[in-house]
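The values are calculated or read from the model by the stated rules, or taken from the named source; none is laboratory data. All of these numbers come straight from a predicted model, not from anything done at the bench. No Cβ is skipped: glycine too gets one built from the backbone with ideal geometry, and neighbour counts run over all protein chains shown.
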Amino acid sequence: MGDSAWAAVTQSSAFVFGLEAAGEDSRVMQWYWGPRLPDEALAEVVRQAPRRIHSGFHDPRDVDELLPVEGGARWGVPSLQVTYEGGVRSVELTFAEAVVADSEIELVLRDPLGLRVGLHVRVASEVVERWVSLTNEGEHAVRLGRVDSGSWVIPERAGYRYTGVAGAWAQETQLHRAELAVGETTFTSRTGTTSHRANPWIMIDAGDATEELGEVWSVALAWSGSWRLTAQRRPEGDVAVTAGFGHDGPTWHLAPGESLLTPPVLGLRTCGGYGAASRAWHDYARHHVLPTPFEERPVLYNSWEATWFDVHEEGQIELARRAADLGVELFVVDDGWFGGRVDDRRGLGDWWPNPDRFPRGLSKLFDTVRELGMRAGLWVEPEMVNPDSDLYREHPDWVLHYPGRRRDTLRHQLVLNYGRADVREWAIGWLSGLVSEYGLDYFKWDMNRSFTQAGWPDAGERADLLWIEHTRGVYAVLDTLRERHPGLRIESCSGGGGRVDFGILRRTDEVWTSDNTDARDRQAIQEGYSYLYPACAMSAWVTDSPNPHTRREVPLAYRFHVAMAGVLGIGGDLTRWSAEELEQARSLVAAYKAVRPVIQHGRLHRLAGDPGVTASAVQYSHEDRVVVLAYNPFALAKRPPRRVRLAGLDPSALYESAEGERWHGQTLMSHGLELPTWFITGPDYRSEMVVLRRVSG
Ligand code: DGJ
């Protein structure tokens, strides 16, 4: 577009940005983020850009920059805060050059005090990816207070409403939607992980979007450590969202010659309501994030809720036999197989088979698993150590700690410092060794506590970089493992969904969504999860009834139908399931396998209802097939509609049910399909799966 304005153009949107003024105070402004414009029209939004007002108190445009800094006439939330030698805090940037490569642009700005700032922009499907690189080209070290990956301006509208998820352990990804308050709304994690409490994304609309209609702007951060995302709504009207790694408090040291690269912040503008936004995010995840998006995820069995810590060769083999008989394809041994780990007080760090429980090592178990036709998976928690372990006795300095301060344990464990090369090497050594020795196909990589006393005594001035380096260290170990063992698949877990984000999904294949396996609770969790992340990465198990966590009794079919909305797994104590239950489970596993590509690779439509509370339904469409999973948790308490209206079909095509009944797509979308599950009378917990195949058009 010229030498002072640029555009990142996707198939349906454009993001236009450029230099407001050259010279001493160069500002890179966002000029436009909306529907795609004809190429020749892009310059019009630059021509019409409002000019900055200079007055004693007034600079409402300081939130319109791609990276508002702390420095000069700016009073919004700074995306970049630097303290130079002598306590100087004003960042003053001058534009140097634009480096344009194929699909990427870097705008280079320089502060005469020696800081080089690169603003990077790249298009990936409908998403605009942005990140920042910093290099200290000066003679003195600088201290960084905040280095966000970028700030996004939400275009002027009559109102602003946000959607996001918040929660807690066993209540992850609960959907929140409210008017965006004037002021600053911050979502953050200070735990060292993405956290159960919030997830690093936000959607903003004008207050008029619905599931299927309306313009929605979303911003997400691809990062698995602490983070902060702030949406500011100024009284003057401007709205911007800035997001980046790290939380308020720690500061990062950048010595002369050193560089820092932020994780990507992702911007997506869609039309078509929250549903279209979610589908665009799922597309992005498939084409730009997940390492194996088009592989079918196996139906897995996980022993955790069946045995808890009581893990023995014989018991596991018995479960494996029963699981194989149901059609399970991957058998995962959870916590309790190693070292002295008979409860959560000991053994973490000692990653060899417990000799009392597995006198012959794990070979006998995994050989049997393979003979039964299943793949072999193992639970590990590589970032943790119990003080009562050989590892900790040998390496007490490997954990996060400050000299002379307490080392607070949580779940009786401490956090190993993955910023340290020796810790990473140790981890790669034993993890890789286990894969080779037992021919493992799968790790469930767990992480069960937040950071405390997050010190790194050996790192001196660089100690706070731990908040970044730990996460990068985990990424590096995961990347190395995948490189060494291309067949290995990895599930990310952090006490359930404590580490779900586009950073971890880049190097894992699915995530354990929540420790809450109660089917009804799970519906709300799965709904919030589905806003950003696709079903092929959402692990969901059928467990026992009453549920061990909630004591709620839910029929087996309902439990299955909820878990079938993602990657189906079984996690119950199969030795206690009746013959009828096992028979029913076998046929539901087979039914899932028959539609698995549709659910795992399909386009999601959240059709109706408040999941887990009222009658609701979700639809997946893939190639010529459509699957609707419908639920009704309560009998007469909430009167549902009788019909579910489908979405995203070809209006003139014909769709046929398994019973041979045919409908036009338009009928299914406008008039709907009558669902027995939603019929006004009937017991609690009715559910069903409807499968349609497109037969013409
Ligand atoms: C937390 C996980 O979320 C559970 O599924 C289980 O693996 C336990 N940890 C084991 O300690």
On the given criteria, is Tyr301 hydroxyl-bearing (Ser, Thr, Tyr), within 16 Å of the ligand (Cβ to nearest atom), buried (at least 20 other Cβ atoms within 10 Å of the Cβ) and in contact (Cβ under 8 Å) with a residue 40 or more places away in the chain?
yes
Of the residues Val423, Val415, which single one is assigned by TED's automatic domain parsing to the domain that holds Thr452, touching a strand residue (DSSP E or B) at 6+ places or on another chain (Cβ under 7 Å), within 30 Å of Asp441 (Cβ to Cβ) and in a strand (DSSP E or B)?
Val415
Do we have Asp397 as away from the ligand (no atom under 15 Å from the Cβ) and among the charged types (D, E, K, R) here?
yes
Yes or no: Arg559 farther than 16 Å from Pro298 by Cα, in a helix (DSSP H, G or I) and in contact with a helix residue (DSSP H, G or I) (Cβ under 7 Å, 6 or more places away or on another chain)?
yes
Need at least 3 residues that are within 24 Å of Gly237 (Cβ to Cβ) and modelled with pLDDT of 95 or more per element, so show me which strands (runs of 3 or more DSSP E) inside segment 1-106 make the cut, counting only ones lying wholly within it.
13-19, 28-35
Do we find that Asp343 is surrounded by fewer than 24 Cβ atoms within 10 Å (Cβ to Cβ), within 16 Å of the ligand (Cβ to nearest atom), under 29 Å from Pro486 (Cα atoms) and not β-branched (Val, Ile, Thr) in this structure?
no
Could you please let me know if Val128 is at pLDDT 95 or above and among the aliphatic types (A, V, I, L, M)?
yes
Of the candidates Gly336, Gly315, the one satisfying the condition of being on the phi > 0 side of the Ramachandran plot and out of contact with any His (no Cβ under 7 Å at 6 or more places or on another chain) is Gly336
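To keep it simple, each residue is scored yes or no on (1) within 16 Å of the ligand (Cβ to nearest atom); (2) under 21 Å from His601 (Cα atoms); (3) buried (at least 16 other Cβ atoms within 10 Å of the Cβ).
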residue: Ala285; (1), (2), (3): no, yes, yes
residue: Gly347; (1), (2), (3): yes, no, yes
residue: Trp351; (1), (2), (3): yes, no, yes
residue: Phe358; (1), (2), (3): no, no, yes
Yes or no: Val435 in the same structural domain as Gly498 (by TED's automatic domain parsing) and closer than 30 Å to Ala168 by Cα?
no
What about Gly660, is it closer than 22 Å to Ala591 by Cα, small (Gly, Ala, Ser) and in a loop (DSSP other than H, G, I, E, B)?
yes
Single condition Gly225 does not satisfy, out of (1) in contact with a strand residue (DSSP E or B) (Cβ under 8 Å, 6 or more places away or on another chain); (2) part of a loop (DSSP other than H, G, I, E, B); (3) farther than 21 Å from Arg130 by Cα
(3)
Being surrounded by 13 or more Cβ atoms within 10 Å (Cβ to Cβ) and within 16 Å of the ligand (Cβ to nearest atom) is the requirement here; does Arg449 meet it?
yes
Options Val511, Val562; residue that is within 16 Å of the ligand (Cβ to nearest atom) and in contact with a Gly (Cβ under 9 Å, 6 or more places away or on another chain):
Val511
Would you confirm whether or not segment 307-326 contains a residue that is within 15 Å of the ligand (Cβ to nearest atom) and either in a strand (DSSP E or B) or among the β-branched types (Val, Ile, Thr) (or both)?
yes
Check Ala243, Ala209, Ala178 and return the single one that is aliphatic (A, V, I, L, M) and either in a loop (DSSP other than H, G, I, E, B) or not assigned by TED's automatic domain parsing to the domain that holds Ala280 (or both).
Ala209
For segment 120-164, which positions are aliphatic (A, V, I, L, M), within 13 Å of Leu261 (Cβ to Cβ) and within 23 Å of the chain's Cα centre (by Cα)?
Val132, Val147
Residue match in segment 293-302 (condition: of a type in the set (A, V, I, L, M, F, W, C) and part of a strand (DSSP E or B)):
yes
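Yes/no matrix, rows are residues, columns are (1) under 21 Å from the mean Cα position of the chain (by Cα); (2) in the same structural domain as Gly419 (by TED's automatic domain parsing); (3) of a type outside the set (D, E, K, R); (4) farther than 20 Å from Met564 by Cβ:
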position	(1), (2), (3), (4)
Gly439	no, yes, yes, yes
Phe443	yes, yes, yes, yes
Asp446	yes, yes, no, yes
Trp456	no, yes, yes, yes
Glu483	no, yes, no, yes
Gly495	yes, yes, yes, yes
Asp521	yes, no, no, no
Tyr533	yes, no, yes, no
Cys536	yes, no, yes, no
Among the residues of segment 468-483, are any surrounded by fewer than 23 Cβ atoms within 10 Å (Cβ to Cβ), within 16 Å of the ligand (Cβ to nearest atom) and in contact (Cβ under 8 Å) with a residue 24 or more places away in the chain?
no
